[in-house]
Structure formats: C-alpha cells, structure tokens
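S.K.: Pasting a structure below so you can have a look.
The values are calculated or read from the model by the stated rules, or taken from the named source; none is laboratory data. Fair warning: this is a prediction, and the values are worked out from it, not measured in the lab. Positions of Cβ are backbone-derived with ideal geometry, glycine not excepted, and every protein chain shown enters the neighbour counts.
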Amino acid sequence: MDFRLSDEQLQIKTMVREFGESEIKPHLSEWDEAQHFPVDTFKRAGELGLLGVTLPEEYGGAGLSYVDYVNVIEELGVVDSGFGLSVAAHNSLGSGHIYIAGNAEQKKKWLSKLTSGEWIGAWGLTEPGSGSDAGGLRTTAVKDGDDWVLNGTKNFITNATYANISVVLAVNDKNAKRGVTAFAIEMDRPGIRAGKKENKLGMRVSDTAELILEDCRVPQENVLGVIGDGFVDAMRVLDGGRISIGALSVGIARGAYEAARDYAKQRTAFGKPIADFQAIQFMLADMATEIEAARLLCWQAATVKDAGERVTQFSAMAKLYASEVAVRATEKCVQIFGGYGFIKEFPAEKFYRDVKLCTIGEGTSEIQRMVIARNLLAEAQRA
C-alpha cells in the first residue's frame, strides 16, 4: 500500500494552493468581515476544474478521483474553509445529486453549466424543524397534472442566495415508507427564492441562507431519480459529502498547525523562541500526528468510494475524527498564539471560529457515531 501522491496529484495540490494564495488570501479579512461571497472568484475556480473535480469530462468535469477531490478541498481549507465549503457543497451535494440520480438528459442539460462555473449549485435537505432528524421533512410536493407543486422552507442552505439551480428534497407521500422525492429546480422559476441570509460565527465567506418555496411549479422532467427514492439517494449523496467535510477539517487543522508552528518559531519568551519549550513542542507534535491520521482516514474513505464500494461507515469515521481533530488543533493554535490568538489581525481566531461547523454540518458528530455503531453492529450480526 503506497500512501505517496503521484506527481500529477502533487501538481494539482500546488495549483489549488497557488489559487488560494493569489485569489483568496489577499481579500480574506475583508470578505470575512463583510460576509461576502466572491462570485467571480468562485467562477474562476470553475475555470480551473475545481467545480467538477470528480465528474466525467463529457460533462465538463475534470474526471479526477475522489482522492484528488479530498486533496483539493484540503488545500482550500488551509486558506479559507468558507470558500472550501461552498466548493464542496457545489461538487458533492448539488452537482453530486444530479450526477448520482439524474438521467442522461438531465446530466447533459445541467452538469456542464455547473462544472464550468457558469451556474452555481445548492442542495436543500435541512429544514427549520429537521436537521439531524432528516426524516422529519415538512416541505411538500403535490402532483398537479403534469407538474409538481412544492411548498416549504429549507434553511442553512449553502450557496442559496447565488444558486442558479437547487436540488430540493420534498415529501410526496407522508404515508409511504419511501415518500420523499428529489427535484432539480432552476432558481428563476416562479415560487422559489432565497430567504434570510444567516449571520454566522464562522465560515462567513460561504453563503448560507433560507430557501423558500411557495406554490413552486416544477415539471415532471425535473424529478431526479425514482419518485419516492429521494431520501435514499440523499443518503448516498451525504456519504460523499461527509468525506469532503472531513477533508475540509484536515485543511483547517493544517492551516492552524502551520500558523502555530511558524509563530512559535518567531515569538520569544525568556530569551528564546517559544518553540524551544517542551509544552509548545508537545502541542505541535499532537497536532501534526492527529492531522496525519485524519488525512489517512479521508484518503481511505475516498479510496473506497473510488472503488465503487459502500462507503457509509468510512465516510462517517473520516468526518467524525477529522472534524474533532480540527477543533482540537485550532484550540491549540489559539493557545500557542496567546493573547494574539484572540486578535483578528492574527489567523488563529478565524480558524477557531470556522472549525466548529465541521462537527455539525452534514451530520453532527453524534449522528456520525450512530451511523458508525449501526454499521459495526450490523457487521457483527452478519458474522
């Protein structure tokens, strides 16, 4: 088993790193303060192939592996996790659901616009009353002639304000075991609009807003997959999305580690760099070791997904461990920076604000533990 990246993979990482350093980092403080989503920069990411990393070239995608995708999201996370989150939601959730469940005509119609950055994608599952309880959806889809009429509100939707198309999960039969259907809805259709933009603690560069549906008429041709199987497909989409949140967590943790390491080498106390003190060295050692372990879990999950095997348990493990490692790493980063870790002129406080979402979004840490335990016990029963 070889954990070394190929020359091509290293070149991809370098390209993404240079994009982040030149296109995002110079504006980061301004964008974070203003909660500004940089649409033009996002579209330039599409020109580089970052908005269709794993999709086939026939749809304008880069045709890369999920391991490559993990590396892309990690590199973005090092610079700004908010931008990385929007890229991940566009790839894994919006475009990902269309690719997983869409028919040939739907893929041809929408995916090339999404991979190029001409269109921005969103994905609507969470509602005000159903987060971890994803089965408690209240958004309805009622058949009316050849159309479906959707009503409801989604919240915490990444890219909602700027999306050109959103995948929306709605209940089409509340009495059926499989009564949830997915719809791809162009945002210029009457009856669908972005609602309140959230004022967030962290990841403020990423747009997060409500998605409101009021008698939104959607044609049958916009149904994704089999009617009633939307929730099943959504869980498959989340399996891939959780890997990307794990990768984003690794990126945040690495960014925090690198900032803390460099600061510790420059900051002096008692006549020498604080990096010479064992207390600081132990913190850096723990950070670096846990980051390596988290990255390997993400690579493992990505490798299983690339092989076409069931990835639910591996993606949950990767997201759970990587997100909690990242929380610990950013806390240590603030501690190493000391008083300056509490000041916005230094990077530590932003890593600290941004990271917490990783233990919440796309399934909380508690949900990941439930998923892992359920799979482990099922495996034991089969044995």
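S.K.: For the range 316-342: of the residues being touching a Cys at 6+ places or on another chain (Cβ under 9 Å) and buried (at least 24 other Cβ atoms within 10 Å of the Cβ), which is farthest from Ile243 (Cα to Cα)?
M.R.: My answer is Ala326.
S.K.: Under 7 Å between Cβ atoms, at least 6 apart or on separate chains: pull out the pairs that start in the range 50-61 with a residue that is without any contact (Cβ under 8 Å) to a residue 12 or more places away in the chain and end on any residue that is surrounded by fewer than 24 Cβ atoms within 10 Å (Cβ to Cβ).
M.R.: Every condition considered, the pairs that remain are Pro56/Gly63; Glu57/Gly63.
S.K.: Can you tell me how many residues in the range 3-18 are surrounded by 13 or more Cβ atoms within 10 Å (Cβ to Cβ) and farther than 15 Å from Ser81 by Cβ?
M.R.: Number of matching residues: 5.
S.K.: Follow-up. From Val237, Val218, Val205, which residue is under 23 Å from Asn164 (Cα atoms) and in a loop (DSSP other than H, G, I, E, B)?
M.R.: Val205
S.K.: Since Thr153 meets every condition but one in (1) touching an Asp or Glu at 6+ places or on another chain (Cβ under 8 Å); (2) of a type in the set (S, T, N, Q); (3) crowded, with 21+ Cβ neighbours inside 10 Å, which condition does it not meet?
M.R.: Evaluating Thr153 over (1) touching an Asp or Glu at 6+ places or on another chain (Cβ under 8 Å); (2) of a type in the set (S, T, N, Q); (3) crowded, with 21+ Cβ neighbours inside 10 Å leaves (3) as the failure.
S.K.: Oh, and also: Identify, by number, the condition in (1) over 28 Å from Val70 (Cα atoms); (2) touching a Lys or Arg at 6+ places or on another chain (Cβ under 7 Å); (3) acidic (Asp, Glu) that Glu221 doesn't meet.
M.R.: The number of the failed condition is (2).
S.K.: From Lys305, Lys265, which residue is surrounded by 13 or more Cβ atoms within 10 Å (Cβ to Cβ) and touching a residue at least 60 places away in the same chain (Cβ under 8 Å)?
M.R.: Just a single option satisfies the conditions, and that option is Lys305.
S.K.: Which of the residues that make up the range 76-101 are within 22 Å of Ala253 (Cα to Cα) and either surrounded by fewer than 24 Cβ atoms within 10 Å (Cβ to Cβ) or among the aromatic types (Phe, Trp, Tyr) (or both)?
M.R.: Matches in the range 76-101: Val79, Phe83.
S.K.: In addition: Let me confirm something: among Ala194, Ala160, Ala170, Ala184, which residue is under 18 Å from Leu111 (Cβ atoms), in contact with a strand residue (DSSP E or B) (Cβ under 9 Å, 6 or more places away or on another chain) and among the hydrophobic types (A, V, I, L, M, F, W, C)?
M.R.: After ruling out the rest, the residue left standing is Ala184.
S.K.: With the requirement that a residue be under 20 Å from Ser81 (Cα atoms) and either touching an Asp or Glu at 6+ places or on another chain (Cβ under 6 Å) or surrounded by fewer than 23 Cβ atoms within 10 Å (Cβ to Cβ) (or both), what does the range 278-290 give you?
M.R.: Ala288, Glu290
S.K.: At least 3 residues that are closer than 20 Å to Ser92 by Cβ and touching a Ser or Thr at 6+ places or on another chain (Cβ under 9 Å) in each: list the helices (runs of 4 or more DSSP H) lying fully within the range 271-373 that qualify.
M.R.: Result: 278-306, 312-337.
S.K.: Could you tell me which of the residues Val149, Val180 is within 21 Å of Asp239 (Cα to Cα) and among the hydrophobic types (A, V, I, L, M, F, W, C)?
M.R.: On inspection, the qualifying residue turns out to be Val180.
S.K.: On to the next question. So, Asp144, is that one acidic (Asp, Glu), touching a residue at least 40 places away in the same chain (Cβ under 8 Å), more than 18 Å from Glu127 (Cα to Cα) and not assigned by TED's automatic domain parsing to the domain that holds Gly102 or not?
M.R.: yes
S.K.: Which of the strands (runs of 3 or more DSSP E) found entirely inside the range 60-159 contain at least 3 residues meeting this: under 30 Å from Arg353 (Cβ atoms)?
M.R.: Answer list for the range 60-159: 121-124, 147-158.
Per-residue answers, yes or no, for (1) surrounded by 20 or more Cβ atoms within 10 Å (Cβ to Cβ); (2) more than 24 Å from Leu114 (Cβ to Cβ); (3) more than 17 Å from the chain's Cα centre (by Cα):
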| position | (1), (2), (3) |
| --- | --- |
| Glu21 | no, yes, yes |
| Pro26 | no, yes, yes |
| Gly60 | yes, no, yes |
| Tyr66 | yes, no, no |
| Tyr69 | yes, no, no |
